[in-house]
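The values are calculated or read from the model by the stated rules, or taken from the named source; none is laboratory data. Owing to the predicted nature of the structure, the values given are computational and were not obtained by experimental measurement. FYI the Cβ positions are ideal-geometry reconstructions off the backbone, even for glycines, and counts take in every protein chain you see. To get the accessible areas, we keep the full protein, side chains included, count just its heavy atoms, and leave off ligands, DNA and RNA. Shrake-Rupley method; radii C 1.70, N 1.55, O 1.52, S 1.80 Å.
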Amino acid sequence: MNDTLALPRPDLAATALPPARVRLMTLVLIRWLAIGGQVAAIFAVRFGLGYPLPMQWCLPIVAISALFNIAVSLRAPTTRRLTDQATTIFLAFDLVQLALLLGVTGGLENPFSVLLLAPVAIAAATLPLWGTLTIVTLALVGATTLGFQYLPLPWRLGERLALPHEYVWGIWVAHVLAIGFSAIYIRRIATEARHMSEALAATQGILTREHRLAALGGLAAAAAHELGTPLATIALVAKELAHTIPPDSPMAEDVELLTSQAQRCREILGRLSRRPEESDTHAARMPLRALLDEVIEPNREFGIAILVEIDVNATPEPIIERRPELLHGLGNIVENAVDFAKSKVVVAVRWDERDIYLSVSDDVPGFSPEVIDRLGEPYVTTRPAETNLRAQVGDDIPQGMGLGFFIAKTMIERIGGRFRFENLGGAGGALVEVRWPRTVAI
């Protein structure tokens with residue numbers, strides 16, 4: 001039990017995130033904001049502060065960006081979602097345009113050079129690795145070029161601001177570190193957020209399916225109620241026919257059969273219309289041992305011995321509500337142990353007046369060091385395909401998606417449960433302990 005379960009991740013490869021498609025409208029609006037800011041800064045420096053700004057260079061550079069934005073808006077609907085390649089080109093254009101504008105206004109000495117981080121941040125949050133690396137590389141090349149090749153920073157007439165070379169080098173180092181750190185940090189956060197969103201969607205799908213199955217009981221009761229009236233009419237007509245048809249008539253046997261089958265249908269609908277607590281109490285709540293049998297039984301067919309150890313004490317055995325969260329959560333843990341065990345799995349249960357404790361251990365070396373600290377996170381897995389016993393016996397279960405522990409942890413934490421993972425060491429294997437409040441029990 002040194003990794004997570006393999007559960008379906010619909011329409012996704014095991015190692016790649018789905019592309020985060022960016023709307024054209026988003027990039028167009030961002031560029032218009034950038035153009036507006038650039039124009040405002042140019043006119044504020046030139047006419048507000050009176051600095052000799054090279055307008056013959058600045059305005060054409062800004063105009064090129066505006067014309068590009070207009071052309072793109074007219075050529076394609078703004079609601080269109082761009083491919084990764086198109087988004088990379090858009091961000092590269094913005095980066096080059098900004099670098100050119102900075103190059104004619106002081107290079108890295110210009111305080112607005114910090115805006116080189118903006119395209120990098122957008123790329124790290126939305127593009128795949130190759131696109132992010134492209135924009136980061138372009139930003140680093142631009143920062144390096146602006147550190148050595150640039151027109152003087154506009155300053156008061158008759159004066160020239162000359163910063164020491166060491167200071168300019170320091171600005172360059174700061175930009176390089178900021179570009180690298182921002183790209184890594186933002187990409188990591190965006191990746192984890194996307195992982196969590198997808199995994200939660202998978203978990204919610206499983207819970208929705210279970211609740212739909214649970215709702216079938218209510219639908220059956222409603223159907224029984226609706227069918228009761230026409231069935232009663234059929235039974236009444238069948239009885240009247242039985243009274244009017246002579247006993248020696250060829251149709252007498254058919255009428256008798258119709259009457260008996262109508263009565264049988266009424267009995268079946270009567271059972272369906274009863275409430276669970278009236279007719280099928282064991283399906284709503286059961287002793288803890290019965291719930292364990294339901295969780296463990298599907299995993300006994302794979303040649304691994306499953307030993308159950310129950311610590312009986314003075315406290316009465318809990319009566320457990322048969323909830324989808326418990327069945328799926330505990331079932332995932334037991335299945336994972338069976339997948340990795342060599343010969344046996346031990347399921348130990350104990351309880352006290354407040355909590356119920358269930359631990360599952362196997363006879364393999366244990367969790368790998370790089371995995372144990374991240375168990376419970378989505379898509380954490382190093383499971384080889386050949387370890388999945390269900391796949392070996394022909395079950396159609398996708399391999400190595402790393403959602404099992406995440407789904408189990410999410411489901412059981414919904415009812416107030418807690419997890420603990422550890423390696424037993426020595427001849428022992430991996431151990432997963434689940435604790436949930438006894439108040440969940442009835």
Query raised in the report: Out of E166, E226, E210, which single residue is at pLDDT 65 or above and either more than 30 Å from V136 (Cα to Cα) or surrounded by 11 or more Cβ atoms within 10 Å (Cβ to Cβ) (or both)?
Result: E226
Query raised in the report: Only one of these conditions is not met by A283: (1) modelled with pLDDT under 80; (2) in contact with a Ser or Thr (Cβ under 8 Å, 6 or more places away or on another chain); (3) of a type outside the set (D, E). Which number is it?
Result: (2)
Query raised in the report: List, please: which pairs have Cβ atoms under 8 Å, are six or more places apart or on different chains, and start with a residue in segment 247-270 that is over 12 Å from L231 (Cα atoms) and end with one that is assigned to a loop (DSSP other than H, G, I, E, B)?
Result: M251/I245; A252/I245; A252/P246; V255/I245
**Report entry** Filter result (among the aliphatic types (A, V, I, L, M) and open to solvent by less than 70 Å² (accessible area, probe 1.4 Å)) within segment 31-56
**Finding:** A34, I35, V39, A40, A41, I42, A44, V45, L53, M55
Query - Selection within segment 169-194 - surrounded by fewer than 13 Cβ atoms within 10 Å (Cβ to Cβ) and among the β-branched types (V, I, T) - result: V173, I189
Query raised in the report: Has segment 27-38 got at least one residue that is at pLDDT below 90 and either small (G, A, S) or in contact with a Leu (Cβ under 9 Å, 6 or more places away or on another chain) (or both)?
Result: yes
